[in-house]
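Asker: The structure that follows is given in the form of structure tokens.
The values are calculated or read from the model by the stated rules, or taken from the named source; none is laboratory data. Quick caveat: nothing in here was measured; it's all calculated off a predicted structure. Ideal geometry is used to build each Cβ from the backbone, glycine not excepted, and the neighbour counts take in all protein chains shown.
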Amino acid sequence: MENKRQVGSAYEKKAAEYLIGQGFQIIEKNFYSRYGEIDIIAQDGRYLVFIEVKYRRDSSCGSPLEAVTAGKQKRICRAAFYYCTKKGCGDRTPCRFDVIAIEGGNKIIHIKNAFDFQY
């Protein structure tokens, strides 16, 4: 039996492959800071996109989208702000927060601009 981290990594890889197929350029995976973690950071046209990946085997524990709570969104935003500060992204760099939900291993739901920046 795989542990949660291994399962998460496998589905983050699947999400990255999906994004590449959609024309995204992957910049970084699993960006960690003291403010939180960002699963995938990618470029989509002019947008710098911070992507949260959530997986659920089935709906018995709810939708993977429901797992991206307000608190989780806030942590992602803080980590994104830190990333932009650290990497020197200017105020002119448009950013977006997407969520990729994977249900049952195969169904991928990609919500662009899933939530707004909050600090």
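Asker: Just one of the numbered conditions (1) out of contact with any Ser or Thr (no Cβ under 8 Å at 6 or more places or on another chain); (2) within 19 Å of E37 (Cα to Cα) is not true of Y83; which one?
Answerer: It fails just one condition, (1).
Asker: Considering only region 62-111, state which residues are surrounded by 12 or more Cβ atoms within 10 Å (Cβ to Cβ) and of a type in the set (K, R).
Answerer: Across region 62-111, the qualifying residues are K72, K74, R75, R78, K87, R96.
Asker: Let me ask something additional. In the list G36, G8, G23, which residue meets the criterion of being modelled with pLDDT under 95, small (G, A, S) and at positive phi?
Answerer: On inspection, the qualifying residue turns out to be G36.
Asker: Can you tell me which condition I40 does not meet? The list is (1) part of a helix (DSSP H, G or I); (2) among the hydrophobic types (A, V, I, L, M, F, W, C); (3) touching a Lys or Arg at 6+ places or on another chain (Cβ under 9 Å), and all the others hold.
Answerer: The one condition I40 does not meet is (1).
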